[in-house]
1. So what J values fall out for segment 123-132 if you push phi through Karplus, 6.51 cos²θ - 1.76 cosθ + 1.60 with θ = phi - 60°, rounded to Hz, Gly and Pro as x?
2. Take peptides 34-43, 111-120, 4-13 and line them up by average Cβ neighbours within 10 Å, highest first, as a rough protection proxy.
3. If you stretched the chain out fully between residue 123 and residue 4, how much longer would it get, using 0.36 nm times the residue separation minus the C-alpha to C-alpha distance?
4. Treat each spin label as a single point 7 Å out from the Cα along the C-beta direction, and report the residue 130 to residue 158 distance in nm.
5. Would you please give the residues with an amide H less than 5 Å from that of residue 42, counting only those at least 5 places away or on a separate chain, with H modeled from the backbone geometry?
6. Nearest 0.05, what FRET efficiency do residue 39 and residue 115 give at R0 = 25 Å with Cβ-Cβ as r?
7. Taking 0.36 nm per residue of separation and subtracting the Cα-Cα distance, what length does fully extending residue 17 through residue 142 add?
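No lab work stands behind these numbers, since they all come straight from the coordinates. This is a predicted model, so every value here is computed, not measured. No Cβ is skipped: glycine too gets one built from the backbone with ideal geometry, and neighbour counts run over all protein chains shown.
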Amino acid sequence: MDGLRFPNGIEISSDGKSILLVETMKLQILRIPLDGGEVTVFSDGLPGFPDNIKASPRGGYWVPVSPLRDEPLSELLLNYLPAYPCIRQLASSIISMLPFTLIPKGKSSMLIRLDENGQIIEIWKDFQNELPNACEVLEHDDTLYTGSFYLPYIGRLRRLSN
């Protein structure tokens, strides 16, 4: 596939018939049929930049989101860089050479669970910024485990309900 804007995370669909591909810079997730059918948008208009995707044992998919749309960095990435492809390419090249810890931290992260139709059905928001730039989430039993390239530890969140 050509023309993707920062493909970043894949997961096989629960029915095993397609791949879900996170397209971070478009704030969307694509559904790519394994039989070669038409690629469709699985989920779009996400509340921030999606980073990876993981199946939930309760159904649906967990997607870490950071930074959120309402942060200054998001404004730059969404509204200004797309209009200037040369600057976007230069910024991408520079950022790819930096250690992750030099990339600006988001003010908060969000973990969203999508249903089988790509609709948000559960949200965990990190208001205290204890898990900056969450980039991975895994659900096991009643607990969510998260990872971030900023932190030297794994976050652990107990799920309160089913």
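1. Using θ = phi - 60°, the values come out as 9, 10, 10, 8, 5, 8, 6, 7, 10, x Hz.
2. Highest to lowest by the protection proxy: 111-120, 4-13, 34-43.
3. So the chain would gain 40.2 nm between residue 123 and residue 4.
4. 1.2
5. Those qualifying (amide H under 5 Å, at least 5 residues apart or on another chain) are 29, 30, 31.
6. Between residue 39 and residue 115 the formula returns 0.80.
7. 42.2 nm
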